[in-house]
1. Please work out which residue is modelled with the highest pLDDT, limiting yourself to the stretch 289-339 and to residues that are assigned to a loop (DSSP other than H, G, I, E, B) and touching a Phe, Trp or Tyr at 6+ places or on another chain (Cβ under 7 Å).
2. Modelled with pLDDT of 95 or more, assigned to a helix (DSSP H, G or I), in contact with a helix residue (DSSP H, G or I) (Cβ under 8 Å, 6 or more places away or on another chain) and surrounded by fewer than 21 Cβ atoms within 10 Å (Cβ to Cβ): does that describe residue 12?
3. Which pairs have Cβ atoms under 6 Å, sit 6 or more apart or on different chains, and link a residue in the stretch 166-179 that is within 11 Å of residue 137 (Cα to Cα) to one that is polar (S, T, N, Q)?
4. Just checking, which of 137, 119 is touching a residue at least 24 places away in the same chain (Cβ under 8 Å) and either in contact with a Gly (Cβ under 9 Å, 6 or more places away or on another chain) or acidic (Asp, Glu) (or both)?
5. Does the stretch 83-94 contain at least one residue that is acidic (Asp, Glu), within 14 Å of residue 139 (Cα to Cα) and either surrounded by fewer than 20 Cβ atoms within 10 Å (Cβ to Cβ) or modelled with pLDDT under 95 (or both)?
6. Could you check how many residues of the stretch 343-370 are part of a strand (DSSP E or B) and within 30 Å of residue 482 (Cβ to Cβ)?
7. Condition (residue is under 27 Å from the mean Cα position of the chain (by Cα), assigned by TED's automatic domain parsing to the domain that holds residue 47 and of a type in the set (Phe, Trp, Tyr)) applied to the stretch 160-179: is it met by at least one residue?
8. For the stretch 313-335, does any single residue satisfy the condition of being among the aromatic types (Phe, Trp, Tyr) and closer than 20 Å to residue 36 by Cα?
Amino acid sequence: MGSPVSPLVFVQQMEKHWVETLGNSSSEQLRAVWRQLGSGFGEAITSHGKPEGRTWRVLQPPTGTGKTQGLCVYAAMLASQNATMEDAGKTGMLVVTQLIAQCNEVVERVNSLAGAEVAMASHSESRPQPLSMASSAILVITHQAFINAVKAHAEGKADRWSEYAIWRYGQRELIVIDEALSNMVEESQVKSSSISQALGLIPEQTKLAYRSQVSALETVHDIFNRASKIISENPNSGLTSTKMAWRGTMAMPPYYKMDGLREALWNHSYDKSVLGKESSADRHRLRDKVDETLRSVEAVMANWGYYARVGDENTLNFASLVVPDDLPGAVVMDATATQNFLWRLFEKKALVYPVPADARSYQNVTLHVARSKGVGKGAMLEHHKDRIPRLIEDLEGRLSDDRKVFLCCHKAVEPFAKTFVPKFASFDIGHWGAIDGRNDWKDCDVAVLFGLSFRDPIWANNTFMAFRGRQEDEWFDEPAFEEHSDVRREMQNRQISVSVIQAINRVQCRKVVDSAGNCLPTDVFIVLPEGVVGEAVLTAIKAEMPHIRTTEWDFVLDGTRKKKPKIRRGSAHEALLAYMLNQSPGEYRVAKIKADLELSDSLWKESIAKALRDADHPLTKNLAGIKVSYVAGSGRGAKSRLVKL
């Protein structure tokens, strides 16, 4: 059995590192946070291999209280302690972080603290040999690598999980996940249009070789056709609502495994057979779409599934929890665990530790709140060309030139926002889904949250059933859970709140500057939706950020503008790079790119096109790094384009 580090000794070492190395102030409240960290890690180690060892322990140290620093100090102390232990008492540790850069940072910090090479990273940019990983007491991997290994383990392919979870002295008895896993639920959705497309793209010879699998696709296709007919003939049939798919006439067909068909189609030349031309981008795009459809069909047919009408599409849906029951429990460090409803759904396997009191104070943070309709992805994308300039004009009128601003917006809006350069000392941009846990904007003293990341009912259905099991039709009409009459709405509101609180804490308010847990003065601007959703998010912010000050922000999201504001336009190169980074594989005509980013013909010709024709130009190299190449039009009617593989 492994040996944990004494929580008392850990707190002493953590305080020394916090004060002497990092130059921060300590307090009894911070020491309470660190004691909880040390105790939680130790309990996971001592319970390993026992029934209670499968419990997930969820710690929620407030942002800025040394969550990741504490993880590194504990890892270094654990590795140093191993040197004094007999083999049976040595303890291995697996650390899971969100990003590759964070993996490398944790390894560097742990090794520095330990004064020896005791930690090692394994990710797509650095894949050590299995023997090397097995010799390292501290192994650091990404969230995605962890999920991939867990999924392989559940499918009976345990090699990758064993590489991570076993070292030279046995099982790694401590697994620590920094930030909540965002992909614990695997969702599968089959759309009526995707089935039709897949059947049309599979070559006849391949259909003959895999008749059973094709028969399964045709059966699902027939289900969709019958559903469409029923809806068109009787709009009140009930098929416009959500219900379990294998009730009554919607009985699901037998299960057919799709592995063979997927493998046979993987290298098929879709570009030539469908489009009559050679295009690796189109070939990969169609291949991935067909493969995802086959994978989703198999998931739905092998398990339960439910029908839902999404826009004009009929869909079949299934979701499952990625983490199997036989896996050892992890310690998760989630600063927003109280707001994260997933832990409530996972309560049979998760132990959520209470938030240590009074460790943080946000009295130096001012939250400026505007309210409006249309702050979701669809409306923001539709109106962003008017809204972004209006926002920048408003901020420039309120803030001094020396401010450092972080703007969080939707992914599709980000490239256009990057075409502007406001007057501020710095103006950095990130998008929802790619900011949690990052330190890139820790020196910014202004955060602007422009547009919110809403989840739809399909996400809520999938997540709830992945954790709590299949529900009956009645639940879709009245989704009650414990004290919540509409648990889907509660889940959606909580998820918005989690993302908002994470975004706010990307800037300098995350850093504690005194023994009272205060931060430097920070301004936060947010446009909340009108009504109960906005109030729920505001309540959550106040609960998670005690003593934060709120004030009204008289910003008008939409309206008549007398004239276009004069705002300096930014780097077209950076905007183009962000634009292509956010795109799926395929071909993108220059004319559309210029329209989307509002780039003039002269700017494109004199700046961008010239750079794209130079193989050594930084823009061309950066685009090549994300598998994007430029194809100049030649001949009459030919259109220049960017191709992403």
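The values are calculated or read from the model by the stated rules, or taken from the named source; none is laboratory data. Keep in mind it's a predicted model, so treat the numbers as computed, not measured. Note: ideal-geometry Cβ built from the backbone for every residue, glycine included; neighbour counts use all protein chains shown.
1. 330
2. It is false that residue 12 is modelled with pLDDT of 95 or more, assigned to a helix (DSSP H, G or I), in contact with a helix residue (DSSP H, G or I) (Cβ under 8 Å, 6 or more places away or on another chain) and surrounded by fewer than 21 Cβ atoms within 10 Å (Cβ to Cβ).
3. 168/135; 173/91
4. 137
5. No, the stretch 83-94 has no match at all.
6. Qualifying residue count, the stretch 343-370: 3.
7. Yes - at least one qualifying residue is present in the stretch 160-179.
8. Within the stretch 313-335 (the criterion being among the aromatic types (Phe, Trp, Tyr) and closer than 20 Å to residue 36 by Cα), the answer is no, since none of the residues qualifies.
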